[in-house]
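A.B. asks: There's a structure below that I have some questions on.
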Amino acid sequence: MLIPHVWPKLMAGPSAVAANAMVRRGIEPALIAAYLVIITEVLGAICITLGFLTRLVAALLVIEFLVIVKVHSAAGWIAGAQGAEFPFIWLIVFVFILLRGGPYSVDRKLGWEI
């Protein structure tokens, strides 16, 4: 589900994401933040799906989604109003992955799990 979340950002490009969403919400430097968000989410989705560097990627996504929840909380809780509800659910998922790891992950098969 993270791929459909990040796909529109990837297709629009970091410049559009920065110009639209980041600047409007007061996140500066917006272009650098947009690149970081898009790269983290695309690579994060791939790595978590494969179970590669699972906990490390989950930790990065927890940090990212803490910021996203804070930014979205200005609009309230309700997801339909661009509130914090949907990003908070993602945050909980990534915290769980961070704590639990991936029982069927490539990391575990290779003996790399932290």
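The values are calculated or read from the model by the stated rules, or taken from the named source; none is laboratory data. What you are looking at is a predicted structure, and each value in this text was computed from that prediction instead of being measured. Neighbour counts are summed over all protein chains in view; Cβ atoms, including those assigned to glycine, are modelled from backbone coordinates with ideal geometry.
A.B. asks: From (1) in a helix (DSSP H, G or I); (2) out of contact with any helix residue (DSSP H, G or I) (no Cβ under 6 Å at 6 or more places or on another chain), pick out the condition that doesn't hold for Trp112.
C.D. replies: Only one criterion in (1) in a helix (DSSP H, G or I); (2) out of contact with any helix residue (DSSP H, G or I) (no Cβ under 6 Å at 6 or more places or on another chain) is unmet by Trp112, namely (1).
A.B. asks: OK, next. So Pro103 fits all but one of (1) out of contact with any Ser or Thr (no Cβ under 8 Å at 6 or more places or on another chain); (2) surrounded by 14 or more Cβ atoms within 10 Å (Cβ to Cβ); what number is the exception?
C.D. replies: Of everything listed in (1) out of contact with any Ser or Thr (no Cβ under 8 Å at 6 or more places or on another chain); (2) surrounded by 14 or more Cβ atoms within 10 Å (Cβ to Cβ), Pro103 misses just condition (2).
A.B. asks: Take Ala59 and tell me if it is assigned to a helix (DSSP H, G or I) and either among the polar types (S, T, N, Q) or modelled with pLDDT under 90 (or both). Even if it seems obvious, please write down each step before you answer.
C.D. replies: Details: assigned to a helix (DSSP H, G or I): yes; either among the polar types (S, T, N, Q) or modelled with pLDDT under 90 (or both): no.
No: the conditions fail for Ala59.
A.B. asks: Follow-up question, since we're still on this one. Check Ala16 against each of (1) under 23 Å from Phe96 (Cβ atoms); (2) free of Cβ contacts under 8 Å to residues at least 12 places away in the same chain and name the one condition it does not meet.
C.D. replies: (1)
A.B. asks: Among (1) outside any helix (DSSP H, G or I); (2) free of Cβ contacts under 8 Å to residues at least 24 places away in the same chain; (3) not charged (D, E, K, R), which single condition is Phe52 missing?
C.D. replies: (2)
A.B. asks: When the residues of segment 19-31 are narrowed to those that are among the hydrophobic types (A, V, I, L, M, F, W, C) and under 18 Å from Lys70 (Cβ atoms), which ends up farthest from the chain's Cα centre (by Cα)? Don't jump to the end; show me each part of the working.
C.D. replies: Residues of segment 19-31 that are among the hydrophobic types (A, V, I, L, M, F, W, C), as a first pass: 19, 21-23, 27, 30-31.
Subsequent filtering for residues that are under 18 Å from Lys70 (Cβ atoms) retains 21-23, 27, 30.
Working: Ala21: 15, Met22: 14, Val23: 18, Ile27: 16, Ala30: 16 Å.
The residue in question is Val23.
A.B. asks: Looking only at segment 62-96, count how many residues are outside any helix (DSSP H, G or I) and either of a type in the set (Val, Ile, Thr) or buried (at least 18 other Cβ atoms within 10 Å of the Cβ) (or both).
C.D. replies: Step one: filter segment 62-96 for residues outside any helix (DSSP H, G or I), giving 76-78, 82-84.
Checking which are either of a type in the set (Val, Ile, Thr) or buried (at least 18 other Cβ atoms within 10 Å of the Cβ) (or both) leaves us with 78, 84.
The total comes to 2.
A.B. asks: Further question: Would you please list the contacts, defined by Cβ atoms under 9 Å and residues six or more apart or on different chains, that run from a residue in segment 35-49 that is buried (at least 18 other Cβ atoms within 10 Å of the Cβ) to a residue that is among the polar types (S, T, N, Q)?
C.D. replies: Qualifying pairs under 9 Å: Cys47/Thr54; Ile48/Thr54; Ile48/Ser105.
A.B. asks: Cβ-Cβ below 7 Å, separation at least six or inter-chain, first residue in segment 68-97 and within 21 Å of Ile48 (Cα to Cα), second outside any helix (DSSP H, G or I) and not basic (Lys, Arg): which pairs?
C.D. replies: Matching pairs, first to second residue: Val69/Ala84.
A.B. asks: I've got another one for you. Anything in segment 33-67 that is more than 21 Å from Gly111 (Cα to Cα) and in contact with a Phe, Trp or Tyr (Cβ under 8 Å, 6 or more places away or on another chain)? List them, or say none.
C.D. replies: Scanning segment 33-67 gives Leu61, Val62, Phe65.
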